[in-house]
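Following: one structure in C-alpha cells, then a few remarks.
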Amino acid sequence: MAAIPYVHEAGIGETSLRSSAHCNKVTTALRDYTKIDVQNCQLITGKRFQCPRDITTTTNDDVVMVDWTNNEVVVFDNNMKLIRSFGQGSGDSKLNNPLGVAVGHNVIAVSEYDDHVVKKFTLQGDYLSKFGSCGSGDGQFNNPLGLTFNSKGLLYVVDNRNCRVQVFDNNQFLFKFGSKESNPGQFRSLCYIALDSSDQVYVTDINSTGGIIVFSEDGHFIKKINCNNPYPICLTPDDYIITTDGTCNALTVFSPTHQLITKFGTYGSQRGQFNTIYGIAVNSVGTIFATEFVNQRLQVITT
C-alpha cells in the first residue's frame, strides 16, 4: 500500500531516533529523564489516528501501535514514516478492538479485548494464529489487555477481568499467577505489563491499594512499587520504569532501584501536554513514545 503521510507538528526534527543495534542490558542511563523539556516533544498526528492505544518498539526501533477504533496495527520506521498497517482484512486476520500489542521473536502479538483472544502476525503483518476464548479456565480470557514477550519467547498476557496473568509458550498455556484479592501479589484491576532486562515482571494495578506489582519470571511476588493508579508501563533498556500518574495526563519515571525521579507533562493538547496516555514505549536509545487516546496522536519525547 502507499505510505500515508503523518504530520510532524513541531519538535525534534527529522534526525534518526535509533542506534545500529538494540541494547538489552546497559549499565548507565541512556537518557537523563530529569531533563525532559517541552521543546523536545514531537507531535505525530494523522487522519488515520482514531483511538491509539498500546505501543511498542522492535529490535531495530520500528514503532508498532494499535488503534482501537480503526481496528488496526500501524508500523512506523525510526523517522516516524508509516511502513505498513494491517488488521482491517477479513476472517481471522481482521482485528476487533485491539488494546494490547507486543513484539518478540519475529512475531507481533495483539490482544482483542472484546473477543477474548490473542492473535499473532509476522513482522510484515501476515496472520499466523490465534488462541483463547471467553472464560476463566486455563488458556481462556476475560478481556485481555497488556501483553509482552520475555527473552525466552514466552508470552505474558494480562487477563483483566479474571485478575491474573497467564503465560504461554507457542500458544500453549504454561502457568498463571494472581487473583482478585487485596493480599500482596494479588490484583484488583490489572492493566498492562512489562519486563526488565532480567525478565522480572511489572504489572500495573489501578485501584486505591494498587501500584506496580513486581514478580519473578515464574510469577512469584517480589514487591509493590507505590504510585498513583498507573496504567500503561514500559521499561527502558537500562531498567528505568516509565508509567503514568492517576489521571493518565503525565509521565512518571522511576529509577532502576524503583525510586521516583521525575514527573513530566500537564493536561492539555499542546506539546508536552497530554490527554489520556494509554500506551508508552521506549526505543534502544531511550526515546519515549506516548499515545494519547483523547488527543488522537503520538508524542515522541527525548531529553
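The values are calculated or read from the model by the stated rules, or taken from the named source; none is laboratory data. Treat the numbers as computed from the prediction; the structure is a model and nothing was measured. Here the Cβ is made from the backbone with ideal geometry for all residues, glycine too, and neighbour counts use every protein chain on show.
If the Cβ limit is 7 Å and pairs must be 6+ apart or interchain, which residue in the stretch 170-181 that is of a type outside the set (A, V, I, L, M) pairs with which residue that is at pLDDT 95 or above and in a loop (DSSP other than H, G, I, E, B)?
Partner pairs satisfying both residue conditions: PHE173/ASP138; PHE173/GLY139; PHE175/GLY219; LYS176/ASP138; PHE177/GLY219.
Given the condition in a strand (DSSP E or B), at negative phi and surrounded by 18 or more Cβ atoms within 10 Å (Cβ to Cβ), answer yes or no: does some residue in the stretch 167-175 qualify?
yes
If MET80 satisfies every condition in (1) modelled with pLDDT under 95; (2) in contact with a Pro (Cβ under 9 Å, 6 or more places away or on another chain); (3) crowded, with 16+ Cβ neighbours inside 10 Å but one, which is the exception?
Only one criterion is unmet by MET80, namely (2).
Enumerate the pairs (first residue in the stretch 251-276 and within 19 Å of PRO237 (Cα to Cα); second residue anywhere and charged (D, E, K, R) and assigned to a loop (DSSP other than H, G, I, E, B)) with beta-carbon separation below 7 Å, excluding pairs fewer than 6 apart on the same chain, so at least 6 apart or on different chains.
Taking only residues 6 or more apart or on different chains, the pairs are THR252/ASP245; PRO256/ASP238; PRO256/ASP239.
Scan the stretch 173-196 residue by residue and report those that are in contact with a Leu (Cβ under 8 Å, 6 or more places away or on another chain) and of a type outside the set (A, V, I, L, M, F, W, C).
GLY178, TYR192, ASP196
Can you run down the residue pairs with Cβ atoms below 9 Å, 6 or more apart or on separate chains, where the first is in the stretch 116-140 and in a loop (DSSP other than H, G, I, E, B) and the partner is among the hydroxyl-bearing types (Ser, Thr, Tyr)?
Here the result reads HIS116/SER133; LEU123/THR58; GLY125/SER85; GLY125/SER93; ASP126/SER93; GLY132/SER111; GLY139/SER133; GLN140/SER133, each pair linking the stretch 116-140 to a residue that is among the hydroxyl-bearing types (Ser, Thr, Tyr).
Suppose the filter is more than 23 Å from LEU99 (Cα to Cα), outside any loop (DSSP other than H, G, I, E, B) and either touching a strand residue (DSSP E or B) at 6+ places or on another chain (Cβ under 8 Å) or in contact (Cβ under 8 Å) with a residue 40 or more places away in the chain (or both); does THR303 pass it?
Answer is no for this residue.
Kindly indicate whether any position in the stretch 151-159 is charged (D, E, K, R) and in contact (Cβ under 8 Å) with a residue 40 or more places away in the chain.
yes
Determine the pairs where a residue that is free of Cβ contacts under 8 Å to residues at least 24 places away in the same chain and assigned to a loop (DSSP other than H, G, I, E, B), located within the stretch 63-76, has a partner that is of a type outside the set (S, T, N, Q) and surrounded by fewer than 23 Cβ atoms within 10 Å (Cβ to Cβ) with Cβ atoms under 6 Å apart, the partner being 6 or more residues away or on another chain.
THR69/CYS51
Out of all the residues in the stretch 83-103, which are of a type in the set (S, T, N, Q) and either crowded, with 22+ Cβ neighbours inside 10 Å or in a strand (DSSP E or B) (or both)?
SER85 - this is the single residue of the stretch 83-103 that is of a type in the set (S, T, N, Q) and either crowded, with 22+ Cβ neighbours inside 10 Å or in a strand (DSSP E or B) (or both).
Grab the strands (runs of 3 or more DSSP E) fully contained in the stretch 198-294, keeping just those with 2 or more residues being surrounded by fewer than 18 Cβ atoms within 10 Å (Cβ to Cβ).
221-225, 260-264
With the structure loaded, tell me whether ASN106 is closer than 25 Å to ASN207 by Cα and of a type outside the set (Phe, Trp, Tyr) or whether it fails that test.
For ASN106, the condition - closer than 25 Å to ASN207 by Cα and of a type outside the set (Phe, Trp, Tyr) - is not met.
Would you call TYR192 surrounded by 19 or more Cβ atoms within 10 Å (Cβ to Cβ), in contact (Cβ under 8 Å) with a residue 24 or more places away in the chain, of a type in the set (Phe, Trp, Tyr) and more than 25 Å from ASN71 (Cα to Cα)?
Here the answer is no, as TYR192 does not meet what is asked.
Anything in the stretch 44-62 that is outside any strand (DSSP E or B) and of a type in the set (S, T, N, Q)? List them, or say none.
GLN50, THR58, THR59, ASN60
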